[in-house]
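The block underneath contains the structure these notes are about, expressed in structure tokens.
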Amino acid sequence: MIAHKATDIGVLSRGNNQSERSFYGLGIVPKILEILAQIKFKVPTPIQFKAIPLAIEGKDVIGIAQTGTGKTHAFAIPMVQRLVKMQGVGLVLAPTRELAIQIDEAFRGLAHPFAMKTACLIGGAPMNGQVQALEKNPRIVTATPGRLLDHISHWNFLPEEVSMLVLDEADRMLDMGFAPQITKIIHAIPKNRQTMLFSATIPKEIMEIAAKHMKLPVSVEIAPSGTTAEHVTQELFIVKKEAKPKLLSKLLAQYHGSVLLFSRTKHNARKIMLSIRHMGYSAAEMHSNRSLAQRREALDGFKSGRYKVLVATDIAARGIDVTGIELVVNYDLPEDAENYVHRIGRTARAGSRGHAISFATPDQRSDVRDIERIIRSTLPLSKHPEIPPEEFVQPGHEAPRRNPGRYQSQRRNKFRRF
């Protein structure tokens, strides 16, 4: 453990009772505690509670947590606090422009009282404004990998100044094909830095990065907000939209128990229900266009076995409590990946076994990846002999880097130091 020295900003020691979730006692300086109080941050999230003390001590940290768990402040608070007492620049790499902007906004709120400047370097935004931001010697830089390499290649950003590095949503960056850029950036910055890596999942590639580029990292794992039922067998079919009805017909012929089918829209739910009836199966619909009495009738009929199939939108995902559902079908993938967990949780109740089958169109690779990040496992791919096999369309990469050549000659010497 690195000993804290008395400084003009002071340090509060961590309390012994970790069951009391509070920002007090995590080693956070009073000035930052005041900022947190001003922005109504009263209770740390689990990832903040576990990661902040370790990061403040200077340890390398691997944080396994879902999006929306407060991980940004889990690394932002320690980074600001440590940069007040040490030299260098804090660098945060993020997979998307939108996330980079959100991270930069979070840093601004924490860093401003310490007169720390920030910069956000993302593709699609003018290089000129970003160069001007770098001229002001920011202590914290948030960037997408491609745009950061642009600035490094034109001497706008000096990687040797980095003393703290954060890889946020590392698994998503790898999914998007940024592994070569990340490796190039890591090799360009000093080895004696502090590194923090945050990811929703920990695939082999993430572990390789940690083994090669981190110093005795401490792993902090936070359980996702929803976990899939233990006895659910999950399958994924990649199928064109027009082939979904035929695939559904084949599956309904295989499963003889009750089937809960999810549609993304209420309009499509009715179309699917009528199609199922046309196949010769009893079916009912349950969505917001149905009256309360109609929804009750549909649910009661499903419970009693009068209807083999209940077609529902996500209003039913958390509310249906029916034992003995043999199969859940995600005819449409959920708009919110978290709802996948709630949907398939309707089967395999009370220790019984169940099945969950999802249909994904070839252009829904990213939607499937979002679900896999939530459940922290890969959905097994299945094929039906009577349905033409499909594959996912390959994901696009970050837009090609611009070539702002006029900055190279103008700025080469000007930005040698922050």
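In the set GLU98, GLU105, only one residue is under 17 Å from the mean Cα position of the chain (by Cα), surrounded by fewer than 19 Cβ atoms within 10 Å (Cβ to Cβ) and part of a helix (DSSP H, G or I); that residue is GLU98. A count restricted to segment 208-220 and to residues that are farther than 15 Å from HIS187 by Cα and assigned to a helix (DSSP H, G or I) stands at 0. When the helices (runs of 4 or more DSSP H) confined to segment 262-379 are screened for residues that are under 26 Å from THR201 (Cα atoms) and touching a residue at least 60 places away in the same chain (Cβ under 8 Å), those reaching at least 2 such residues are found at 338-344, 365-375. In the set (1) without any contact (Cβ under 8 Å) to a residue 12 or more places away in the chain; (2) surrounded by 23 or more Cβ atoms within 10 Å (Cβ to Cβ); (3) among the charged types (D, E, K, R), LYS71 fails one condition alone, (1). Checking each residue in segment 161-180 for being over 18 Å from ARG97 (Cβ atoms), in a helix (DSSP H, G or I) and of a type in the set (A, V, I, L, M) picks out only ALA179. For segment 118-165, the set of residues classified as among the acidic types (Asp, Glu) and in contact (Cβ under 8 Å) with a residue 40 or more places away in the chain consists of GLU135, ASP150, GLU161, listed by residue number. May I ask you to verify whether GLU169 is touching a residue at least 12 places away in the same chain (Cβ under 8 Å) and in contact with a Leu (Cβ under 7 Å, 6 or more places away or on another chain)? It is true that GLU169 is touching a residue at least 12 places away in the same chain (Cβ under 8 Å) and in contact with a Leu (Cβ under 7 Å, 6 or more places away or on another chain). Across segment 298-321, not a single residue is classified as within 28 Å of ARG369 (Cβ to Cβ), out of contact with any strand residue (DSSP E or B) (no Cβ under 9 Å at 6 or more places or on another chain), surrounded by 17 or more Cβ atoms within 10 Å (Cβ to Cβ) and among the charged types (D, E, K, R).
Among the residues of segment 182-207, those that are assigned to a helix (DSSP H, G or I) and modelled with pLDDT of 90 or more comprise ILE182, THR183, LYS184, ILE185, ILE186, HIS187, ALA188.
Only a single item in (1) part of a loop (DSSP other than H, G, I, E, B); (2) in contact (Cβ under 8 Å) with a residue 60 or more places away in the chain; (3) buried (at least 23 other Cβ atoms within 10 Å of the Cβ) is not met by HIS256, and it is number (3). Would you confirm, using the coordinates I've provided, whether ARG270 is touching a strand residue (DSSP E or B) at 6+ places or on another chain (Cβ under 9 Å) and either over 23 Å from GLU386 (Cβ atoms) or not basic (Lys, Arg) (or both)? Yes.
Looking at segment 228-250, can you tell me whether even one residue there is of a type outside the set (Gly, Ala, Ser), surrounded by fewer than 18 Cβ atoms within 10 Å (Cβ to Cβ), modelled with pLDDT of 95 or more and in contact with a Leu (Cβ under 9 Å, 6 or more places away or on another chain)? Yes, because at least one residue in segment 228-250 is of a type outside the set (Gly, Ala, Ser), surrounded by fewer than 18 Cβ atoms within 10 Å (Cβ to Cβ), modelled with pLDDT of 95 or more and in contact with a Leu (Cβ under 9 Å, 6 or more places away or on another chain).
Here is the figure for segment 68-95: residues that are part of a loop (DSSP other than H, G, I, E, B) and β-branched (Val, Ile, Thr) total 1.
The values are calculated or read from the model by the stated rules, or taken from the named source; none is laboratory data. Owing to the predicted nature of the structure, the values given are computational and were not obtained by experimental measurement. Every residue, glycine as well, gets a Cβ built from its backbone with ideal geometry; the counts of neighbours run over all protein chains shown.
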